[in-house]
Amino acid sequence: MSLATAKSLNIADLHEGAAASDDFVISNDDMEKFAALSGDLNRLHTDEDFARARGFEGRVVYGGLVVAQLSRLIGMDLPGKNAIWNGLDLQFRSPLYVGQQANAELTVTHLSEATRSIELKIRVQTGDRLIASGTASVSIANAS
Amino acid sequence: MTSGLYDRLTPVFRDVLDIDDLVLTPELSARDVAEWDSLSHIRLVVAVEQELGIRFIAGDIDSLENVGEFVELAASKL
């Protein structure tokens, strides 16, 4: 992946209902790197036995790694390289587990020409199970 | 026509600017509210569009001096 692959959508290219989505899987390596980066060593994320003892099916993916997938979608796809991410309101609905395939989807729900900004609905799912949902606010800079 | 809009938009401004006791008056402007910066302004415009189901266009909002002008502009879109 490189910046050359990033889309460069302008406000005129977008409409309400426009969407972008991508499948992803969080790996053990991703978990270890995020633990080192964040300093969050909570055993729910790092200790399989501990997580199972708490009633989960295994180690729970860091919420920050789910947000990272949204960052990639916004910064690379919708709207891409001209994005300025202004806000995020996200609720985690159910756990995502390491190695489990999931899908993140963004849909434009409001387009403001006056402010050159969009509101995005967020849905992250694995199969039919909702992992996270919410909204993001993104401004679109003039293309450079 | 705009009097009811102040009641309707007060919770919008309070939520965006995160000021629970903000009193919306025609004279109020960004100069009076530290939290009302350029990013908050974008959020305010979008929130007002969503609350009222209206659309501002480019250039509409550039010369607004205060809440009174903002509300008048919003009313003209209804």
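Applying the criterion of being touching a residue at least 12 places away in the same chain (Cβ under 8 Å) and farther than 28 Å from A:Asn10 by Cα to the residues of the range A:103-130, the residue that is nearest to the other protein chains (Cβ to nearest Cβ) is A:Leu130.
Residue count for the range B:47-69 satisfying the condition of being of a type in the set (Lys, Arg) and at pLDDT below 90: 0. Taken together, A:Glu32, A:Glu16 contain a single residue that is outside any helix (DSSP H, G or I) and surrounded by fewer than 19 Cβ atoms within 10 Å (Cβ to Cβ), which is A:Glu16.
Residues in the range A:127-144 that are crowded, with 18+ Cβ neighbours inside 10 Å and either of a type in the set (Lys, Arg) or farther than 16 Å from A:Trp85 by Cα (or both): A:Ile131, A:Ala132.
Of everything listed in (1) in contact (Cβ under 8 Å) with a residue 40 or more places away in the chain; (2) part of a loop (DSSP other than H, G, I, E, B), the single unmet condition for B:Ile19 is (1). Can you name the residue in the range B:23-68 that is of a type in the set (Asp, Glu) and either within 14 Å of another protein chain (Cβ to nearest Cβ) or assigned to a loop (DSSP other than H, G, I, E, B) (or both) and is also surrounded by the most Cβ atoms within 10 Å (Cβ to Cβ) among such residues? Once the filter is applied, the top-ranked residue is B:Glu49.
For the range B:2-9, indicate whether the set of residues that are out of contact with any Asp or Glu (no Cβ under 9 Å at 6 or more places or on another chain), under 14 Å from A:Ala114 (Cβ atoms) and either within 11 Å of chain A (Cβ to nearest Cβ) or of a type in the set (S, T, N, Q) (or both) is non-empty. No - not one qualifying residue is present in the range B:2-9. Among the residues of the range B:41-78, just one is hydroxyl-bearing (Ser, Thr, Tyr) and within 23 Å of B:Gly4 (Cα to Cα), namely B:Ser76. Considered as a group, the residues in the range A:88-102 that are away from chain B (no Cβ under 14 Å) and under 27 Å from A:Ser8 (Cβ atoms) include one that is surrounded by the fewest Cβ atoms within 10 Å (Cβ to Cβ), and that residue is A:Leu90.
I'd like to know if the range B:64-76 contains one or more residues that are among the polar types (S, T, N, Q) and touching a residue at least 24 places away in the same chain (Cβ under 8 Å). Show your work before the answer.
Of all residues in the range B:64-76, those among the polar types (S, T, N, Q) come to B:66, B:76.
Then drop every residue that is not touching a residue at least 24 places away in the same chain (Cβ under 8 Å), which leaves B:66.
Yes.
In the set (1) closer than 23 Å to A:Asp23 by Cβ; (2) buried (at least 22 other Cβ atoms within 10 Å of the Cβ), the condition left unmet by A:Thr115 is number (1).
The values are calculated or read from the model by the stated rules, or taken from the named source; none is laboratory data. Everything numeric here is computed off the predicted structure, so don't read it as measured data. Every residue, glycine as well, gets a Cβ built from its backbone with ideal geometry; the counts of neighbours run over all protein chains shown.
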